[in-house]
Number of protein chains: 2
Amino acid sequence: MKATIFMKPGKVEVQDLTKPVIEKETDAIVRVVRACVCGSDLWWYRGISDHQSGAAVGHEAIGIVEAVGSAIDAIQPGDFVVVPFTHGCGHCVACLAGFDGDCLNRDGSSVGYQAEYLRYDNANWGLVKIPGQPADYSEEILNSLLTLSDVMATGYHAAATAEVKAGDTVVVMGDGAVGLCGVIAAKLRGASRIIAMSRHLDRQKLALEFGATDIVAERGDEAVTKVLELTNGGADAVLECVGNEQSVDTALKVGRPGAIVGRVGIPQKAEMNTNVLFRRNIGLRGGIAAVTTYDKNILLDAVLKGQINPGKVFTQSFTLDNIQAAYAAMDERKAIKSLVIVADK
Amino acid sequence: MKATIFMKPGKVEVQDLTKPVIEKETDAIVRVVRACVCGSDLWWYRGISDHQSGAAVGHEAIGIVEAVGSAIDAIQPGDFVVVPFTHGCGHCVACLAGFDGDCLNRDGSSVGYQAEYLRYDNANWGLVKIPGQPADYSEEILNSLLTLSDVMATGYHAAATAEVKAGDTVVVMGDGAVGLCGVIAAKLRGASRIIAMSRHLDRQKLALEFGATDIVAERGDEAVTKVLELTNGGADAVLECVGNEQSVDTALKVGRPGAIVGRVGIPQKAEMNTNVLFRRNIGLRGGIAAVTTYDKNILLDAVLKGQINPGKVFTQSFTLDNIQAAYAAMDERKAIKSLVIVADK
């Protein structure tokens, strides 16, 4: 089968690999219909983080279940599913608390979703069944369903851990696909004012379409001043969807006393002066999204009802054979997010 | 009037000062009936933090309003009040959000509660009226009312920011007066299991009386192992009521994925590796307590109904003339918390 392999920074290629098989009774094999490229893939693509040459890559997909292990009874071959990047078992203390991204029973053995087939561990609870078959849906809806494997759930995690509630004023740091999904999530949770921090016209436009009420193009101290003016003392909640030092620093300063920063941008700087938090009662939450939990509780339903349209973050599409171009488009900021069409729907 | 003055590390003394007067229209003058010594007073008493020699000290009291400024209409001379260490205006973005400890209009001019009289800024909303007069209450109830000026509200803030809810398993770090009040707060919010980290017999006994269900005497990694065993993977909420490096480090490790650490121990080490939080979705909240908010919303009522008895943290009492002994008893750990009787009830 065709699968995407990381060669070296700046280069991925499609190779012919052996089709995966059931290895454990909790596995499922999924035939991939759509996959995509994640902003986090760009770290190793750009050489910012290390990654093993020859590794199969990709962690977002939707597809059809082809085979299941003996311990699987919640899904069966033929089911159309969201394939989360997370692998929640559904019964450990983390999953039960609604944090399946930190499942204590995940084994990390499932990799390589930018491929024709993938093996998924902890499939019984982790996979999210979609009613019907791919052909029942428009391309637009398929795109939105694909975002439920990571980006939409990750944006939702920022809003959920920032504890966005009805009537809140919310600041969203980051206008990448995750930040834009954060705007959708804030609106879905009832925020009445959503301030998107963005200085790219195409992304500003999408943020406004997704529910942003204000755009702030400034950065650093100027951004802080602007938001504090707009909000008369600070926002109720802050979604940190970038992870770099300046963005995190700004995020900690634009909330009112008691505000919570929900962060999903993987932190690039570990050390932080947390007395800044203490002095203003700013909360810091967030981490890896609880993809299956959010999909099953709210997001799948919201997509199927047409309440949210996160698939609009895909601004370019590519076939699997053109995977290098899919990465390059995001690397060069020509695409907000690159869709990868693996098979006909 | 008599007032307590900080002389140098290890020495406080009662001096004769001019009685305070109304300086601003938002001021009230309060005749103090009971005051006490705070664990945070020990920092400068022990010379760990700097403090100006000659400064009037103390920030916890109950007493009778003697005079009010022209902008005050919610209280009047003769009223019996809790005098919080915080000074919430009641109408800024912080106060409205329930974080009056971070009031944007506080001016920090009110100091010196270990005295016969004090001046209190932002008195109209900040002071908390108690029904009746001191003579209407037993000494035990007066002691509990006095804790509403700081320690009980601070313990409650740890539980509130850790988002303790009915049925939760909660770990309380610290067996000082704040930690013990944290146990009370966790129980008041419906926690079903409360693990008190304590290795002092007298404090363990009081923790159990206040509602703790388990005692863990270990520290550091041994404590983490013990709690993870007891909780089968980590607690739902952690109250950090110490502030030192080891305690904060342990607090971040004893929660399950997604748990929130509510901290009120003023952090002695600013820099923290917050990737530890991100990797397990651990939340970090807390700061200065919202004393007036908690007193008015829940704590005064709970004391008056006899639901909680936080006054038991006072294990020794002193007259104002013996203030040096009151500090020494806490410094030498002979008292959990020292009561200061300023006037007859």
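Derivation of every value follows stated rules applied to the coordinates shown; laboratory data play no part. In this text, all values refer to a predicted model and were calculated from it rather than measured experimentally. Don't worry about glycine lacking a Cβ; one is built from the backbone with ideal geometry, like all the others, and counts go over all protein chains shown.
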Percent antiparallel among DSSP beta bridges confined to chain A, rounded to 5, stands at 55
A convex hull over the alpha carbons of segment B:229-303 yields, per residue, a volume in Å³ of 113
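Compute, for chain A, the length of the dipole vector about the Cα centre, with Cβ point charges of +1 (Lys, Arg) and -1 (Asp, Glu) only. Units Debye, rounded to 20.
Numbers: 34 positive and 41 negative charges, 151 e Å.
The calculation lands at about 720 debye.
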Mean other chain Cβ within 10 Å across A:286-293 is 3
Once the in-chain neighbours fewer than 8 apart are removed, the aspartates and glutamates whose Cα is under 15 Å from B:K312 read B:E139, B:E140, B:D150, B:D175, B:D202, B:E209
Cross-link reach from B:K11 to aspartates and glutamates, straight Cα distance under 14 Å and at least 8 residues apart if same chain, gives B:D41, B:D50, B:D321, B:D331, B:E332
Quick note, segment B:155-286: a/c under 1.5 would make it rounded; otherwise a/b > b/c is prolate and the rest oblate (a ≥ b ≥ c, C-alpha gyration tensor); here it is rounded
Taking the label point 7 Å from Cα along the Cα-Cβ vector, the copy-to-copy distances for A:A71, listed from shortest in nm with one decimal, are 6.5
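Return B:I298, A:I336, B:I260 ranked ascending by Cβ neighbour count within 10 Å, so the fewest neighbours appear first.
Working: B:I298 18, A:I336 22, B:I260 25.
Result, fewest neighbours first: B:I298, A:I336, B:I260.
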Taking every DSSP bridge whose two residues both lie in the protein assembly as shown, the antiparallel percent to the nearest 5 is 55
With Cα coordinates, the longest principal axis of chain B makes an angle with the long axis of helix B:201-210, in degrees rounded to 10, of 80
Segment A:270-308 and segment B:1-55 have their Cα centres apart by a whole-number Å value of 44
Row for segment A:4-111, column shape: gyration tensor on C-alpha, a ≥ b ≥ c, rounded if a/c < 1.5 i.e. under 1.5, prolate if a/b over b/c, else oblate; value oblate
Under 18 Å by backbone N from the virtual spin label 7 Å along Cα-to-Cβ at A:D331, the residues of segment A:3-28 are A:4-15
Lys pairs in segment A:152-286 with Cα under 23 Å (8 or more apart in sequence, or on separate chains) total 9
The helix A:151-161 Cα axis meets the longest alpha-carbon principal axis of chain A at an angle in degrees, between 0 and 90 and rounded to 10, of 40
Relative to chain B, whose Cα atoms define the longest principal axis, helix B:220-231 and its Cα axis are tilted in degrees, nearest 10, by 70
Rg/Rh of chain B (Cα atoms, Kirkwood Rh), to two decimals, equals 0.97
